[in-house]
Amino acid sequence: MRMQLKYAGLLVACTMATASFAQTTPTPARRVRKLEPAEVNILGSYYSQDGNHSPVTGGIGTEQLTDGTPTIIVNVPLDSVTNLNVNFGMDFYSSASTDNIDYNVSSASSSDTRTHLNISLSRRNSLSRITKSISLGGSTEYDYQSFSAGAGWAVESADGNREFSLGVLAYWDAWSLIYPIELRSGEQLVKSDKRQSYNLSATYSQVINQKIQASLSADLVYQSGLLSTPFHRVYFRGMELPRVEQLPDTRLKYPVGLRVNYYLNDYLTTRFFYRFYTDSWGITANTFELETPVKFGPFFSVYPFYRFHLQTAAAYFAPFQEHSLREEFYTSDYDLSGFSSHKTGLGLRYSPLMGIKSFGLPFTKHKSIFKGIELHFGSYWRSDGLKAYIISTDLGFTLPAE
């Protein structure tokens, strides 16, 4: 863990150096106007949860998990119309739940590191007001690897009050098939070790008047391949030995969202979000979220928030030892159960107009700026007994162009 954190710290310095280098390296073409500064955000979070419905042990047992997540996001203007965005992060997690895959306490599955990298490039045509983008990404952990690719298109109205965007994103995932220890007979218990996901999204945003902005979004998600988790146990009525979770090899998801921001005055804004979700597995869900940023002076703001989620159970869910052997598909994963959940918390943001502090770096003659800091505290609980909390921070920096 110490070596991983040391590596993450080294990456921060290297990333800031790279962003500054991209800003200061001269290009053959004559610069038409001064570039906007590069932006670097260093994020970190700590998440902890506990509950008594682990799918690893068939819907009973500990769900204890902790996760520390450092992330670096760098946005570099390459010229006046082109931006490069790099997102690199690591998850250091420890899980008592997955430690029960083989009943060997403190086994290899009890903790792991997930590493992910996403790179996107966008270019805006000032005449047509069209922005096009492409992205590539990947992530890896001990039993799972993923690769993604996407493209985006957006057009803005002449007055800047309306925008319509389309996006496509595809994921190609591969699993290392790790079964519960008592089911390791050498037989392949699931049909595939691959999964593909394809997402088509559309968003329309509108400035309604000086006080109200709104956006409407819709997604269509298609997944195929291994959609169950090979180390999730399912117990049946009248049987002691479990089976491996089995779910259909296709799934369609249809989320639709509405976001409305209402500007009350210089000190108070309300942000409302609603999402309706349904899928081909029988889940229907409604999510409501309200955030009310309050400004205390021009530089400091506080934003309390609340989120409520209500969903029905998937057609294939049943609790511990309530499945029948006649069923083709079965799961005891309470994420697919019917439940209600609440999330509430508080955010703090401090961002002075001229930044908190300027400082020099050895690879540029201009001062960089520690722009602002944001802290976030959240508490989550749901009707099946799962409870969690998260603490996160965001440090913002700018690296001025030469």
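The values are calculated or read from the model by the stated rules, or taken from the named source; none is laboratory data. The model shown is predicted, which means the values in this text are computed figures rather than measured ones. For neighbour counting, all protein chains shown are included, and Cβ atoms are generated from backbone atoms with ideal geometry for every residue, glycine included.
Structural remarks
- Condition met for SER54 (crowded, with 16+ Cβ neighbours inside 10 Å and touching an Asp or Glu at 6+ places or on another chain (Cβ under 9 Å)): yes
- Some residue of the range 101-115 being within 26 Å of the chain's Cα centre (by Cα), among the β-branched types (Val, Ile, Thr) and modelled with pLDDT under 90: yes
- Among residues of the range 148-170 being of a type in the set (Gly, Ala, Ser) and not in a strand (DSSP E or B), the one that is nearest to LEU220 (Cα to Cα) is SER157.
- Qualifying residue in the range 251-273 (condition: of a type in the set (S, T, N, Q), surrounded by fewer than 17 Cβ atoms within 10 Å (Cβ to Cβ), modelled with pLDDT under 95 and on the phi < 0 side of the Ramachandran plot): yes
- First in the range 365-379 and under 12 Å from LEU399 (Cβ atoms), second anywhere and crowded, with 18+ Cβ neighbours inside 10 Å and among the acidic types (Asp, Glu), Cβ under 9 Å, 6 or more apart: LYS371/GLU39
- Looking only at the range 303-343, and only at residues there that are surrounded by 20 or more Cβ atoms within 10 Å (Cβ to Cβ), in a strand (DSSP E or B) and among the aromatic types (Phe, Trp, Tyr), the one that is nearest to the chain's Cα centre (by Cα): PHE317
- The residue that is farthest from LEU84 (Cα to Cα), counting only those in the range 148-187 that are charged (D, E, K, R) and buried (at least 17 other Cβ atoms within 10 Å of the Cβ), is ASP173.
- Restricting the range 385-402 to residues that are farther than 15 Å from LYS343 by Cβ and among the charged types (D, E, K, R) leaves a set whose member that is modelled with the lowest pLDDT is GLU402.
- The listed residues are ASN286, ASN209, and the only one of them that is surrounded by fewer than 16 Cβ atoms within 10 Å (Cβ to Cβ) and either out of contact with any Leu (no Cβ under 9 Å at 6 or more places or on another chain) or of a type in the set (Val, Ile, Thr) (or both) turns out to be ASN209.
- Restricting attention to the range 370-400, the residues being more than 14 Å from SER45 (Cβ to Cβ) and surrounded by 18 or more Cβ atoms within 10 Å (Cβ to Cβ) number 10.
- Only residues that are crowded, with 18+ Cβ neighbours inside 10 Å and either within 30 Å of PHE317 (Cβ to Cβ) or in contact (Cβ under 8 Å) with a residue 60 or more places away in the chain (or both) were counted in the range 344-356, giving 1.
- When LEU290 is tested against (1) modelled with pLDDT under 95; (2) touching a strand residue (DSSP E or B) at 6+ places or on another chain (Cβ under 6 Å); (3) under 30 Å from ILE373 (Cα atoms), just one condition goes unmet, and that condition is (1).
So that you can scan it fast, the table gives a plain yes or no per residue for (1) closer than 30 Å to LYS295 by Cβ; (2) assigned to a loop (DSSP other than H, G, I, E, B); (3) without any contact (Cβ under 8 Å) to a residue 12 or more places away in the chain; (4) touching a Leu at 6+ places or on another chain (Cβ under 6 Å):
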| residue | (1), (2), (3), (4) |
| --- | --- |
| GLN188 | no, yes, yes, no |
| SER192 | no, yes, no, yes |
| GLU240 | no, yes, yes, no |
| PHE273 | yes, no, no, no |
